[in-house]
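Undergrad: The structure's right below; bear with me while I get my questions together.
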Number of protein chains: 2
Amino acid sequence: MVEQAHLREVGPRDGLQMVGTILPAERKIDWCRRTVAAGLHRVEVTSFVAPSVVPQFADAAEVARVAAAVLGIEASALAPNLKGAERAIASGVAAVNFVMSASEAHNLANVRRSRTQSLEEFARIVVHRDAVASGRVLLSGCIATSFGCTIAGAVPEADVLEIAERYLAIGADELIIADTVGYANPAQVRGLMSRILSIAGDRPVTCHFHDTRGLGLANVVSALEAGVRCFDTSLAGLGGCPFAPGASGNIDTEDTAYLLESLGFDTGVDIAALLELRRDVESWLPGEQFGGNIASAGLPKTYRPAALAAR
Amino acid sequence: MVEQAHLREVGPRDGLQMVGTILPAERKIDWCRRTVAAGLHRVEVTSFVAPSVVPQFADAAEVARVAAAVLGIEASALAPNLKGAERAIASGVAAVNFVMSASEAHNLANVRRSRTQSLEEFARIVVHRDAVASGRVLLSGCIATSFGCTIAGAVPEADVLEIAERYLAIGADELIIADTVGYANPAQVRGLMSRILSIAGDRPVTCHFHDTRGLGLANVVSALEAGVRCFDTSLAGLGGCPFAPGASGNIDTEDTAYLLESLGFDTGVDIAALLELRRDVESWLPGEQFGGNIASAGLPKTYRPAALAAR
């Protein structure tokens with residue numbers, strides 16, 4: 001019996017957040033559809049932020065509505081506030097990802113709220129969800145800057161743990177622990193994630209790592225050792241954070257799938273299909289910087305997916 | 001008390017092996033000198049291969065002679081055969097690194113010898129060293145393609161362990177276990193390196209990883225967990241292998257130093273000084289591809305060297 005690990009593709013959301021090209025809705029939807037066809041069922045399909053803030057997501061409602069209906073998809077959408085969550089739930093996605101930062105300064109800069117105000121907003125989202133979509137839409141509580149902040153510097157682990165506890169008490173169905181600015185190191189990941197997992201009990205926990213300083217995949221290995229089995233990744237390593245200058249983006253979907261399969265975890269991902277999709281996404285986004293190594297170096301001659309290797 | 005970990009800079013050798021520019025000897029020597037000034041004392045300064053094979057190293061004797069005399073340096077040089085080792089020892093370096101591959105096919109392609117013939121050549125080098133430089137020059141036995149081979153595919157762990165044992169029996173003072181083509185994964189690293197360390201006893205063991213498929217630093221973490229404390233790295237991630245097409249080169253010195261320090265290991269390395277040197281090396285090698293993340297993203301605001309953080 002091969003153990004499973006899961007990737008959630010955040011390219012159509014986190015990856016597109018800072019690119020120069022406004023991608024047409026049909027391409028975003030094609031990206032989601034082909035991600036699922038490549039065996040990656042969890043896709044963060046869009047963000048319900050104000051179009052005045054991120055024009056890329058002016059088509060959020062349309063993209064979410066069509067993508068949420070793709071066969072086999074578990075579509076999620078990001079929402080920074082109640083209004084965004086209302087729109088996300090109305091669009092038909094299976095999960096809404098609410099984001100706040102563990103760093104007060106980052107939260108103020110990013111969503112213009114104190115952390116207390118963000119948790120109050122999340123409580124309003126839970127009330128709304130329970131009223132209109134109970135049992136149908138999951139709510140994920142994401143904690144950005146969980147491993148440090150470009151504005152505030154160090155973020156006390158106690159702050160992250162307290163926000164996690166409050167998220168769960170309010171009603172989060174899942175926690176997402178994010179290294180928004182790429183400050184995490186493997187020792188820190190192992191320590192924090194062990195504690196988060198024991199707080200979370202049977203509620204799923206996802207790690208969201210950026211590869212800003214080259215430690216992204218080393219952090220994945222440490223999170224795996226702590227017991228984490230779900231990771232946010234972005235095709236071609238697209239994505240960054242407006243408050244993390246020089247950031248090289250999310251960990252790369254293809255490379256992370258390769259790592260997990262090499263370590264014996266079945267991800268269900270067809271890496272060759274992802275690489276084909278990647279070539280198209282690259283052609284859609286001229287002038288962007290793409291990351292990842294498998295795309296240029298290829299899989300090793302010795303590579304076998306974990307499910308086959310175990311037979 | 002902070003535990004130490006050591007980097008050996010292989011940029012002036014492995015890094016230069018495939019670049020298009022023939023770097024003048026004085027620049028190579030400057031690179032070595034400034035590496036030591038940045039706190040990195042072990043430097044592989046050149047390769048004593050035939051100039052007809054790698055013209056870059058036609059100046060090996062001069063570079064080795066001057067670099068070996070740099071205050072505080074522990075200079076090593078690569079030698080693929082007895083003749084190279086004789087020249088290396090005559091140049092005054094402190095250590096000679098002999099290379100053979102665990103893969104028979106790779107060894108035949110790389111040095112045109114069977115593995116048995118390579119071990120016989122190493123034995124001749126030991127005899128020569130004992131005759132002319134006993135107690136003054138250390139001999140390192142490097143095992144290339146220890147984690148897989150682009151020609152042969154999988155490399156049995158038993159082959160690597162057998163070569164390690166034979167190296168030690170013949171008289172190697174140190175073992176270098178190399179992932180020449182970037183096939184290693186963290187699980188494989190932990191398994192092989194634990195066994196290598198128990199074979200090696202008190203003789204030092206160095207890991208030489210390439211970041212070809214993005215797992216370089218994750219492999220460093222696994223090797224650390226197995227007990228390895230010495231790593232070959234290359235400034236700006238320069239370097240590759242003629243038999244590993246698309247390879248993105250050695251793990252990056254700056255990023256690896258950042259990783260080790262973040263994990264609490266004192267490397268003695270001044271990362272800012274390395275980044276300054278890197279800018280010059282980049283300007284010396286126009287048209288080359290450089291790797292690494294710290295150079296573009298910078299150190300985290302929260303970064304403190306391990307030796308300071310422990311106070």
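Undergrad: Tell me which residues, restricted to segment A:145-171, are away from every other protein chain (no Cβ under 14 Å) and touching a residue at least 60 places away in the same chain (Cβ under 8 Å).
TA: Correct list: A:I163 only.
Undergrad: Turning to a different aspect of this structure: Whether any residue in segment B:213-229 is in contact with an Asp or Glu (Cβ under 8 Å, 6 or more places away or on another chain), more than 9 Å from chain A (Cβ to nearest Cβ) and under 24 Å from A:S296 (Cβ atoms) is what I want to check.
TA: The answer is no; no qualifying residue exists.
Undergrad: May I ask you to list pairs of residues, at least six apart or on different chains, whose Cβ atoms are under 6 Å apart, with the first in segment A:220-237 being under 19 Å from B:G214 (Cα atoms) and the second being of a type in the set (V, I, T) and part of a loop (DSSP other than H, G, I, E, B)?
TA: These pairs meet every condition: A:D232/A:V10; A:T233/A:I251; A:S234/A:V10.
Undergrad: Let me ask something else. Restricting to segment A:174-184, and then to whatever is closer than 16 Å to A:I196 by Cα and in contact (Cβ under 8 Å) with a residue 40 or more places away in the chain, can you tell me which residue is surrounded by the most Cβ atoms within 10 Å (Cβ to Cβ)?
TA: A:D179
Undergrad: Which of the residues that make up segment B:65-83 are surrounded by fewer than 24 Cβ atoms within 10 Å (Cβ to Cβ) and in a helix (DSSP H, G or I)?
TA: B:R65, B:V66, B:A68, B:L82, B:K83 - these are the residues of segment B:65-83 that are surrounded by fewer than 24 Cβ atoms within 10 Å (Cβ to Cβ) and in a helix (DSSP H, G or I).
Undergrad: Here's a follow-up. Report, by residue number, each residue of segment A:92-126 that is within 19 Å of A:A158 (Cβ to Cβ) and hydrophobic (A, V, I, L, M, F, W, C).
TA: A:M100, A:A102, A:A105, A:L119
Undergrad: Working carefully through the options A:V269, A:V228, A:V221, A:V189, find the one that is touching a helix residue (DSSP H, G or I) at 6+ places or on another chain (Cβ under 6 Å) and more than 26 Å from B:L224 (Cβ to Cβ).
TA: A:V269
Undergrad: If a residue has to be within 23 Å of B:R42 (Cβ to Cβ) and of a type in the set (S, T, N, Q) to count, how many in segment B:168-191 make the cut?
TA: So the answer is 1.
Undergrad: For segment B:209-236, what are the residues that are touching a Cys at 6+ places or on another chain (Cβ under 7 Å) and either among the basic types (K, R) or under 20 Å from B:E162 (Cα atoms) (or both)?
TA: Result: B:A223, B:V228.
Undergrad: For residues that are among the aromatic types (F, W, Y) and in contact with a Phe, Trp or Tyr (Cβ under 9 Å, 6 or more places away or on another chain), scanning just segment B:262-311, find the one that is farthest from the other protein chains (Cβ to nearest Cβ).
TA: B:W284
Undergrad: From the list B:E62, B:E86, which residue is surrounded by fewer than 20 Cβ atoms within 10 Å (Cβ to Cβ) and farther than 23 Å from B:I163 by Cα?
TA: Answer to the check: B:E62.
Undergrad: Name the pairs: first residue in segment A:247-261 and at the interface with chain B (Cβ under 7 Å from one of its Cβ atoms), second residue surrounded by fewer than 24 Cβ atoms within 10 Å (Cβ to Cβ) and at pLDDT 95 or above, Cβ to Cβ under 6 Å, at least 6 apart or on different chains?
TA: From residues that are at the interface with chain B (Cβ under 7 Å from one of its Cβ atoms), there are no pairs.
Undergrad: I've got another one for you. Going by the structure shown, is A:A187 within 19 Å of B:P300 (Cβ to Cβ), touching a Gly at 6+ places or on another chain (Cβ under 8 Å), surrounded by fewer than 24 Cβ atoms within 10 Å (Cβ to Cβ) and within 11 Å of chain B (Cβ to nearest Cβ)?
TA: Spelling it out, A:A187 is indeed within 19 Å of B:P300 (Cβ to Cβ), touching a Gly at 6+ places or on another chain (Cβ under 8 Å), surrounded by fewer than 24 Cβ atoms within 10 Å (Cβ to Cβ) and within 11 Å of chain B (Cβ to nearest Cβ).
Undergrad: Scan segment A:122-165 for residues that are among the charged types (D, E, K, R) and surrounded by fewer than 17 Cβ atoms within 10 Å (Cβ to Cβ) and jot them down.
TA: Result: A:R124, A:D130, A:R136, A:E157, A:E162, A:E165.
Undergrad: Residues that are touching a strand residue (DSSP E or B) at 6+ places or on another chain (Cβ under 9 Å) and at pLDDT 95 or above: list the helices (runs of 4 or more DSSP H) wholly contained in segment A:213-311 that include at least 3 such residues.
TA: By residue number, A:216-226, A:253-262.
Undergrad: Would you check which residues across segment A:134-178 are in a strand (DSSP E or B) and in contact with a helix residue (DSSP H, G or I) (Cβ under 7 Å, 6 or more places away or on another chain) and list them?
TA: Hits for segment A:134-178 are A:L139, A:G141, A:I143, A:A144, A:C149, A:L175, A:I177.
The values are calculated or read from the model by the stated rules, or taken from the named source; none is laboratory data. Computed from a predicted model, the values in this text were never measured in an experiment. Because the Cβ atoms are built from the backbone with ideal geometry, glycine has one as well, and the counts that use them run over all protein chains shown.
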